[in-house]
Amino acid sequence: MIESETDLIEIEKIAENLLVGSKAYDIFPTPVEDVLSYAELVVDQHLDLSRPLTRLKSVYGKHLRPAFKKVLGILDRSANTILLDQSMNENRKRFVQLHEVGHKVLPWQAEIMEFADDEYTIDPSIQVKFEGEASYLASCVLFQKERFSSEIRKFDLSIKTPMDISKKYGASIHATIRRYVLNNQEPCALLVLHPFDDIDPCLAIKDSFESPSFRKKFGKTVWPEKCSVKYGFVFDAANNRRFTSGECVLINEAGERIGALYQHFFNGHNHLVLFSPK
């Protein structure tokens, strides 16, 4: 998580340098290969992270650094090489590669890693911060900063907007909807829920976000750890409805009730719910 506005601005500047230096601006989807080349990184096509890691460790040793819990990408700083889980779809690969670029080009990360024995000697809170920073840079490059923000202003607030333009940016619908909310001038919020399991009839919350204007006007939305079928979108999900809409009430940190419209979409992995205050 990135809490400092200064850090966000600095990461955005570095993302812009990557886009300008690689001549990627206004080319859609963002030519990730050109960004990698500019960052002096290559992808190792011979080692696949979807296979057992024992062989990889014998080759890369302590230089291995997992990008995500499922080890979708790894940056070997000593060899300027990225390893990938080759079973990922192309959109996910694009994001993971740019995530690893972030670890390479963010100077404060490189400085700390230079003096660390290995990745696991770093404080866990610093590791979490590094992951958030790398993902934010990847998002800035993938959605080309203000290009995406300018485009979404042309359309009414709707979950279908990011769904429709995700292909242009070569991004997953999930990543596009998240960027859509975080960069929207209109008050809106996003709830990301895990799918149902075989035992619990409730949906566990994976993440939640609000647009800057929503946070300014209404504050942060408060959610339980799990949402039951009393929420219309959970009832929709329980009835295997992929795309639905309705009304609900949100609660903020002050305990205030906020009437809202919702649009629910299931992408096959998570339930995504976009809220707009009535």
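The values are calculated or read from the model by the stated rules, or taken from the named source; none is laboratory data. These numbers come from a predicted model, not from an experiment. Positions of Cβ are backbone-derived with ideal geometry, glycine not excepted, and every protein chain shown enters the neighbour counts.
Here are the numbers for the structure shown:
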read-out: Residue match in the stretch 219-241 (condition: closer than 23 Å to E151 by Cβ and surrounded by fewer than 14 Cβ atoms within 10 Å (Cβ to Cβ)); value: no
read-out: Test: E210 is charged (D, E, K, R) and in contact with a Phe, Trp or Tyr (Cβ under 9 Å, 6 or more places away or on another chain); value: yes
read-out: Test for A24: is it modelled with pLDDT of 90 or more and not in a helix (DSSP H, G or I); value: yes
read-out: Lone qualifier among I258, I251 - being surrounded by fewer than 17 Cβ atoms within 10 Å (Cβ to Cβ), touching a residue at least 24 places away in the same chain (Cβ under 8 Å) and part of a strand (DSSP E or B); value: I251
read-out: Checklist (1) under 24 Å from G73 (Cβ atoms); (2) part of a helix (DSSP H, G or I); (3) not acidic (D, E); (4) not assigned by TED's automatic domain parsing to the domain that holds L19 applied to G132, failing item; value: (4)
read-out: Scope the stretch 190-227; condition assigned to a strand (DSSP E or B), in contact with a helix residue (DSSP H, G or I) (Cβ under 6 Å, 6 or more places away or on another chain) and free of Cβ contacts under 8 Å to residues at least 40 places away in the same chain; matching residues; value: F209, C227
read-out: Members of the stretch 155-189 that are more than 17 Å from A138 (Cα to Cα), part of a loop (DSSP other than H, G, I, E, B) and of a type outside the set (D, E); value: F155, L157, S158, I159, N184, Q185, P187, C188
read-out: Residue selected from the stretch 72-94 under the condition part of a helix (DSSP H, G or I) and surrounded by fewer than 24 Cβ atoms within 10 Å (Cβ to Cβ), by the criterion farthest from the chain's Cα centre (by Cα); value: E90
read-out: Scope the stretch 194-220; condition in contact with an Asp or Glu (Cβ under 7 Å, 6 or more places away or on another chain) and of a type in the set (V, I, T); matching residues; value: I205
read-out: Any chance E40 is at negative phi, of a type in the set (D, E) and at pLDDT 95 or above; value: no
read-out: Those residues of the stretch 146-158 which are surrounded by 18 or more Cβ atoms within 10 Å (Cβ to Cβ) and either under 14 Å from the mean Cα position of the chain (by Cα) or of a type in the set (S, T, N, Q) (or both), in sequence order; value: none
read-out: Search result, residues across the stretch 247-278 that are small (G, A, S), within 20 Å of Y180 (Cβ to Cβ) and at pLDDT 95 or above; value: A260, S276
read-out: Residue in the stretch 137-154 that is touching an Asp or Glu at 6+ places or on another chain (Cβ under 6 Å) and modelled with pLDDT of 95 or more present; value: yes
read-out: Criterion violated by S78 - all others in (1) modelled with pLDDT under 90; (2) among the polar types (S, T, N, Q); (3) within 21 Å of I11 (Cα to Cα) satisfied; value: (3)
read-out: Single match in G219, G268, G255 (criterion: closer than 28 Å to C140 by Cα and over 20 Å from the mean Cα position of the chain (by Cα)); value: G219
